[in-house]
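A short worksheet on the structure shown next.
The values are calculated or read from the model by the stated rules, or taken from the named source; none is laboratory data. Note that the coordinates shown come from a computational prediction; the quantities given were computed from them, not determined experimentally. Positions of Cβ are backbone-derived with ideal geometry, glycine not excepted, and every protein chain shown enters the neighbour counts.
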Amino acid sequence: MGGQPLDRQRLVRFVPLAGTSRRHLGPTHVRAYGYVLDPDTVRYVAFFLSSGPVGTDGLFLKQVVDGPVQLYERYAANTAQRGTAITRREWLVRRGDQPPVNTYWWKFETDAAAFFRGCPALQADLQAGRYQPRDLERIVRAYNACGTAPTSPRRTGEH
């Protein structure tokens, strides 16, 4: 699967089984897509995220963890000083079918502890500062394995 992370968020390119021409489809046409990259399966899920007062952006977000709480990876492009383009990676968490929450602006100890309040042991570690934002994948997996979480996560890919 070629392309840069920003490209994979906007379009999926494929050739239908009964065809020969390449098609480009976006989140309004495809709910999710995936591919096998040994030993993992990589999955992108379509979301329509608020882009401020202007409207919504349809994006495919890479699913890193599946389970009662899912973790998604997103890339956002910004323009820095002197017109230099900068791409930053953001993490979004989602509980069940609720809209994803971008963790980029979190005051980590407070907001993460509030989001993961269903697992008291994890919540205490978050409030005590034992986890950092870089530990978010581990945090989501721990929450999903917690005794109060309804099911264990399915493995959908590793970093």
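Of the residues making up region 129-136, not a single one is within 11 Å of the chain's Cα centre (by Cα), under 26 Å from D40 (Cβ atoms), at pLDDT 90 or above and of a type in the set (D, E). The condition of being touching a Gly at 6+ places or on another chain (Cβ under 6 Å), surrounded by 10 or more Cβ atoms within 10 Å (Cβ to Cβ) and at pLDDT 75 or above holds for only one of D57, D40, that being D40.
Taking the conditions (1) outside any strand (DSSP E or B); (2) surrounded by 17 or more Cβ atoms within 10 Å (Cβ to Cβ); (3) modelled with pLDDT of 80 or more in turn, Q9 satisfies each one other than (3). The set of residues from region 100-126 being surrounded by 12 or more Cβ atoms within 10 Å (Cβ to Cβ) and within 23 Å of K62 (Cβ to Cβ) comprises P100, V101, N102, T103, Y104, W106, F108, D111, A112, F115, F116.
Please go through region 46-78 and give me each residue that is out of contact with any Lys or Arg (no Cβ under 7 Å at 6 or more places or on another chain), part of a strand (DSSP E or B) and β-branched (V, I, T), ordered by number. Those that are out of contact with any Lys or Arg (no Cβ under 7 Å at 6 or more places or on another chain), part of a strand (DSSP E or B) and β-branched (V, I, T): T56, V64.
Give the number of residues within region 127-143 that are of a type in the set (A, V, I, L, M, F, W, C) and either in contact with an Asp or Glu (Cβ under 6 Å, 6 or more places away or on another chain) or surrounded by fewer than 20 Cβ atoms within 10 Å (Cβ to Cβ) (or both).
Residues flagged as of a type in the set (A, V, I, L, M, F, W, C) and either in contact with an Asp or Glu (Cβ under 6 Å, 6 or more places away or on another chain) or surrounded by fewer than 20 Cβ atoms within 10 Å (Cβ to Cβ) (or both) within region 127-143 amount to 2.
Among the residues of region 7-37, the ones that are in contact (Cβ under 8 Å) with a residue 24 or more places away in the chain and polar (S, T, N, Q) come to 2 in all.
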